[in-house]
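In what follows, a structure is listed as structure tokens, so that the remarks can point back to it.
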Amino acid sequence: MSETHTGKTMPAVLNFASEPHAVELRELPVPEIGAQDVLLQVKGVGICGSDLHQYHGKQSWKVNYPVVLGHEFAGVVAQTGAQVQGFAEGDRVVSETAAVLDGQSPFVRAGQYNLDPNRLGFGYGVHGAMTQFVRVPERCLHHVPASLSFEKAALTEPCCVAYNAVCVNARLRPGDSVAVIGPGPIGLLCALMAKLAGANPLFIIGTAADAKRLEVGREIGATHVLGAQGEDVAATVLESGDGYGVDTVIDAAGVSATLQLAMQLVRPGGHITKVGWGPQPCDFSLDPLVQKGVTLQGSFSHTWSMWERVIAMLASGQINLDPILNRVAPLDKWQSCFDGMQSGELVKAVLVP
């Protein structure tokens with residue numbers, strides 16, 4: 001019989017209100033679990049751009065305050081509910097993000113639970129994993145091989161976001177020219193997926209503030225990194241090929257205006273996948289989409305089969321996170337990690353509770 005955690009408390013990074021910077025480390029009770037849940041002891045939790053948005057009060061989604069942040073996480077099963085069958089105490093696991101689903105939803109029934117508008121996720125809808133223990137439904141879990149560290153396993157989720165955007169929702173083929181806008185963690189992971197899929201040439205586009213991240217982009221295989229020197233990005237991309245633009249653009253930036261740049265860069269008959277959130281309204285014409293006959297595709301979240309594939313790619317080393325994961329820190333260093341990612345000093349940080 002496992003140790004009971006009932007009545008115990010734990011430190012947690014809590015987003016307690018909608019105002020900017022309403023986040024602090026607080027003591028919370030260890031959660032109780034239901035029959036189909038496990039109590040997961042968190043061994044690594046990644047910091048996502050959405051955590052930063054909530055920290056700064058700039059998110060464009062509903063948040064159920066107060067809520068523990070963190071939806072990219074891996075750990076060990078500490079306790080199992082009475083009806084859990086596929087996992088046992090001590091198992092190394094990683095968790096998907098769809099914490100609450102309606103089983104009667106047509107999207108859930110069709111296996112498109114990532115697109116269900118009523119789903120609730122860890123870190124905004126229910127308590128997340130920037131703490132020591134988190135309640136997780138069994139259906140969210142995937143086994144993790146012993147060869148994969150918890151720090152890297154915790155980044156399965158953003159890797160799945162990138163895999164979905166590039167390998168599922170873009171029609172990318174070996175030899176296609178690809179431009180990725182936004183060298184944040186998702187953008188860099190999208191570039192990594194594009195490289196694995198055979199993109200050539202591969203452009204990563206940022207701004208002067210992204211100089212360090214653009215160098216990481218070069219390290220993971222980009223043939224061109226643009227924007228740090230204030231150059232004319234569109235002209236440079238167009239001049240590097242036949243003058244018509246790239247086959248595929250991945251818009252991974254967090255501003256709506258980058259869609260305008262994407263429309264400049266994409267060639268007639270090409271494809272744009274938008275994975276970055278941009279709540280600002282567009283103040284430009286979408287006529288180039290019509291004129292060029294371009295496909296504009298949104299990409300959100302991921303599904304079970306992507307998780308299984310990405311875990312295997314991480315475990316084999318096919319996905320190399322070494323250039324991207326550049327800080328692992330204890331939970332009480334959350335704020336310096338948040339600030340380091342916000343400033344661009346850090347690409348990706350993982351907290352170890």
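Miscellaneous remarks
- The single condition among (1) in a loop (DSSP other than H, G, I, E, B); (2) buried (at least 18 other Cβ atoms within 10 Å of the Cβ); (3) out of contact with any strand residue (DSSP E or B) (no Cβ under 7 Å at 6 or more places or on another chain) that Ala162 does not meet is (1).
- Some residue of the range 20-28 being of a type outside the set (Lys, Arg) and free of Cβ contacts under 8 Å to residues at least 24 places away in the same chain: yes
- Condition check for Ala253: assigned by TED's automatic domain parsing to the domain that holds Pro174, among the aliphatic types (A, V, I, L, M) and not in a helix (DSSP H, G or I): yes
- Residue count, the range 221-250 (criterion: outside any strand (DSSP E or B), of a type in the set (A, V, I, L, M, F, W, C) and in contact with a helix residue (DSSP H, G or I) (Cβ under 8 Å, 6 or more places away or on another chain)): 6
- Scanning the range 294-351 for residues that are of a type in the set (Ser, Thr, Tyr), crowded, with 17+ Cβ neighbours inside 10 Å and assigned to a helix (DSSP H, G or I) yields a total of 0.
- Of all residues in the range 178-207 being in contact (Cβ under 8 Å) with a residue 40 or more places away in the chain and surrounded by fewer than 24 Cβ atoms within 10 Å (Cβ to Cβ), the one that is nearest to Gly317 (Cα to Cα): Leu196
So that you can scan it fast, the table gives a plain yes or no per residue for (1) buried (at least 17 other Cβ atoms within 10 Å of the Cβ); (2) assigned to a loop (DSSP other than H, G, I, E, B); (3) within 18 Å of the chain's Cα centre (by Cα):
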| position | (1), (2), (3) |
| --- | --- |
| Ser50 | yes, no, yes |
| Gln59 | yes, yes, yes |
| Phe73 | yes, no, yes |
| Val77 | yes, no, no |
| Ala82 | no, yes, no |
| Gly86 | no, yes, no |
| Ala99 | yes, no, yes |
| Gly103 | no, yes, no |
| Phe107 | no, no, no |
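- In this structure, Pro174 does not qualify as part of a loop (DSSP other than H, G, I, E, B), closer than 24 Å to Val38 by Cβ and over 18 Å from the mean Cα position of the chain (by Cα).
- Top-ranked residue of the range 221-266 - restricted to ones that are touching a Cys at 6+ places or on another chain (Cβ under 7 Å) and hydrophobic (A, V, I, L, M, F, W, C), ranked as nearest to Leu172 (Cα to Cα): Ile250
The values are calculated or read from the model by the stated rules, or taken from the named source; none is laboratory data. In this text, all values refer to a predicted model and were calculated from it rather than measured experimentally. A quick note on method: Cβ atoms are made from the backbone with ideal geometry, for glycine too, and the neighbour counts reach across all protein chains shown.
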